[in-house]
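What follows draws every value from the coordinates through simple rules; no lab data is involved. Predicted model, so just to flag it, every value in this text is computed and none were measured. With ideal geometry, Cβ positions are generated from the backbone for all residues, glycine too; neighbour counts draw on all protein chains shown.
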Amino acid sequence: MATTALRRLKQLFSGLSAPPAPPTYVAPPASNEKLEYADLTIIDLATASTEAGRKELAGQLVQAMTTNGFFYVVNHGYTQEQTTRVFSIANLTFDAVGEDEKKTYMGKSESVYEGYKPRQTWKIEDGVQDQIEHYNINRHVRQRAHPEALRPYLREVEAFARHNHFNVLYPILRLMAIGLELPEEELVKQHKFEAAGESSVRFMKYYPRSEDEEQRTKKVWLKGHTDIGSVTILWSQPIGGLQILSPDGAWRWVRHMDNALVINAGDVLTFLCGGYYPATRHRVIQPPADQVGLPRVGVFYFSMANDDVKLFPHEQSPVLQRVGVQRLCANEDAPTMEEWRKNRTIAYGSSQLIPSLREKGVEEEFISGVLVKHYN
């Protein structure tokens, strides 16, 4: 009896002890190449604690979303030290797990991003497949098992998911609601942490490609696309490659900013906000010349609405009533969040795309009755 109690006490204290520090991920320096960068707005969440501050930030956000469609967030609540540790955990997820174990923890469903996505899963161009590895973790971190190397850090991953959802996503959704002259919680209610859904942390690692692959794809690693969900939170890292399609039709680089977040809207906000916050077209290409050959580690939080949310616009918005509603489909045909994410996930990187008859360099497909474009 005493032995059993002692064992349980040891397990309790073991669970409370700090995990060992992961091998530190040392990021390479940012590129010194002269590149054409997008001029992105900086949203300072430190000023979001007051009503006046939120109103001012909402104006900045509307301007950012109706021009470049991307913006930075600073003063988001994580120190540089905490951010470095998250990147170290992300890198460990790839480097400290063997190929056989990765197969054990591969995603089991074509319609849900979960577990490992191996390299060479998606078609890019001219027979070339991607060289991008993912590890996807639902915000409810413990609803599935994880590889052994990641287990000591699950509490930190849980805290990271909650931080992204409550301390970054929710403030941004409130600013977006203010920008539409809606009650502040209107979009938050459609993105509940506790609800069924697939908002998730994603660790990514982009591996260098052969010169032949680069030539055959014109150095494009991921074709121009929009994101499936609501708001994408990218934790800025120094290796270049991310580009956005500017309103003038030019692809421009996104500059790295230490301990900042890079934010963009996805398809779901186009649905819910009647086109006022359009999903931003972006792509990933080979890094700049002074970073070629370096693996590129990424940390993301992809947010999605609750699975049961019907994706039609907030037509009660005074702003939409003034400027008009841009619909992706009729209200009666609108998919739920679950239907949209499943159909988009199944199709991504595997469906047969048709060259557009209207736009040069654009390929198209229909998903849930909605036209989806891919930009070469």
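Overall dimensions of segment 144-213, expressed as equivalent-ellipsoid semi-axes from the Cα gyration tensor (√(5λ), whole Å, largest first), are 32, 20, 10.
Between the listed residues HIS76, GLY229, THR270, the Cα displaced farthest toward the positive end of the dipole of the chain, a dipole computed from Cβ unit charges relative to the Cα centre, is found at HIS76.
When THR50, THR270 are sorted by how many other C-beta atoms sit within 10 angstrom of their C-beta, beginning with the fewest, the order is THR50, THR270. Of all DSSP beta bridges confined to the chain, the antiparallel ones make up roughly 90%.
Residue exposure proxy: ILE43, ILE285, ordered by other Cβ atoms within 10 angstrom of their Cβ from fewest to most, comes out as ILE285, ILE43. Rounded to two decimals, the Cα-based Rg/Rh of the chain, with Kirkwood Rh, is 0.97. Dividing the summed -39500 (n - 2.57) terms of all DSSP H runs of n ≥ 4 by the residue count of the chain sets its mean residue ellipticity at 222 nm at -8000 deg cm²/dmol. Under the shape rule built on the C-alpha gyration tensor, where the axes satisfy a ≥ b ≥ c, segment 89-184 is oblate, since a/c reaches at least 1.5 while a/b does not exceed b/c.
By the count of other C-beta atoms within 10 Å, a proxy for reagent exposure, ILE172, ILE124 are ordered fewest to most as ILE124, ILE172.
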